[in-house]
Amino acid sequence: AQKVTQAQTEISVVEKEDVTLDCVYETRDTTYYLFWYKQPPSGELVFLIRRNSFDEQNEISGRYSWNFQKSTSSFNFTITASQVVDSAVYFCALSEDGRDNYGQNFVFGPGTRLSVLP
Amino acid sequence: DAGVIQSPRHEVTEMGQEVTLRCKPISGHDYLFWYRQTMMRGLELLIYFNNNVPIDDSGMPEDRFSAKMPNASFSTLKIQPSEPRDSAVYFCASSFLPGGQYFGPGTRLTVT
């Protein structure tokens with residue numbers, strides 16, 4: 001069965017520091033999808049990224065970047081020059097190949113609570 | 001666009017009652033997702049639809065839960081009968097591949 005591990009339960013950094021959130025996954029499928037979501041204190045869920053298993057290119061979006069390494073089954077998320085508004089719980093998720101291009105059998109990690117202090 | 005709309009925002013009901021949660025996805029999105037979040041179980045995907053057809057309902061906890069999408073602009077998640085352990089925040093999201101998922105504000109359900 002698939003599994004997602006986010007070993008860091010809580011992280012605190014000071015504003016402007018870089019921070020990396022770890023995500024390690026387990027799956028037997030060769031086709032799968034990886035996701036990151038953000039949940040700020042207000043409670044809403046914000047989708048950040050979806051990546052399929054055939055695309056190992058790292059991605060950068062502003063201060064956010066993602067490092068996908070199949071060799072270590074990791075999909076880590078880095079925030080550069082963190083800001084107080086980045087304070088949130090971040091979830092990594094995995095879904096396995098299904099009969100469409102989205103995948104199924106979603107599994108979420110337990111989340112990492114990031115606190116960025118001013 | 002108004003974004004994903006969920007109603008009600010809060011629901012308090014007694015054990016054994018039927019509960020219906022509603023979702024209006026973003027127009028033009030062909031995927032719709034129902035999630036549940038609790039302290040004990042974390043974040044779970046319950047079911048998702050593509051073009052109104054359920055694709056994966058493996059996350060639906062038991063037969064008391066059912067979801068429908070009668071048309072592209074409306075979906076319901078029904079719990080009958082409800083139990084206290086169903087208390088959670090239920091999120092609806094929609095997407096249009098390859099774009100991202102857009103979430104509604106959630107419905108906080110309390111079953112007493």
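For the stretch A:9-40, the set of residues classified as crowded, with 16+ Cβ neighbours inside 10 Å and either among the hydrophobic types (A, V, I, L, M, F, W, C) or more than 12 Å from the chain's Cα centre (by Cα) (or both) consists of A:ILE11, A:VAL13, A:VAL19, A:LEU21, A:CYS23, A:VAL24, A:THR27, A:TYR32, A:LEU34, A:PHE35, A:TRP36, listed by residue number.
Among the residues making up the stretch A:78-100, those that are open to solvent by 30 Å² or more (accessible area, probe 1.4 Å) and outside any loop (DSSP other than H, G, I, E, B) are A:THR78, A:VAL84, A:VAL85. Residues that are more than 19 Å from B:MET15 (Cα to Cα), more than 10 Å from chain A (Cβ to nearest Cβ) and not in a loop (DSSP other than H, G, I, E, B) within the stretch B:54-91 comprise B:PRO54, B:ALA67, B:LYS68, B:MET69, B:PRO70, B:ASN71, B:PHE74, B:SER75, B:THR76, listed in sequence order.
Residue count for the stretch A:101-118, restricted to those that are in a loop (DSSP other than H, G, I, E, B) and surrounded by 19 or more Cβ atoms within 10 Å (Cβ to Cβ): 4. Residues that are at the interface with another protein chain (Cβ under 9 Å from one of its Cβ atoms) and not in a strand (DSSP E or B) within the stretch A:43-68 comprise A:GLY43, A:GLU44, A:LEU45, listed in sequence order. In the stretch B:53-63, the condition of being in contact with a Ser or Thr (Cβ under 6 Å, 6 or more places away or on another chain) and either aliphatic (A, V, I, L, M) or open to solvent by 70 Å² or more (accessible area, probe 1.4 Å) (or both) is met by no residue.
Condition (residue is buried (at least 16 other Cβ atoms within 10 Å of the Cβ), within 14 Å of chain A (Cβ to nearest Cβ) and not in a loop (DSSP other than H, G, I, E, B)) applied to the stretch B:9-17: is it met by at least one residue?
No, that holds for no residue.
The values are calculated or read from the model by the stated rules, or taken from the named source; none is laboratory data. Because the structure is predicted, anything quoted here is derived from the model rather than measured. Positions of Cβ are generated from backbone atoms using ideal geometry, with glycine treated the same way; all protein chains shown enter the neighbour counts. Ligands, DNA and RNA are excluded from the accessible area calculation, which covers all protein heavy atoms including side chains. Shrake-Rupley method; radii C 1.70, N 1.55, O 1.52, S 1.80 Å.
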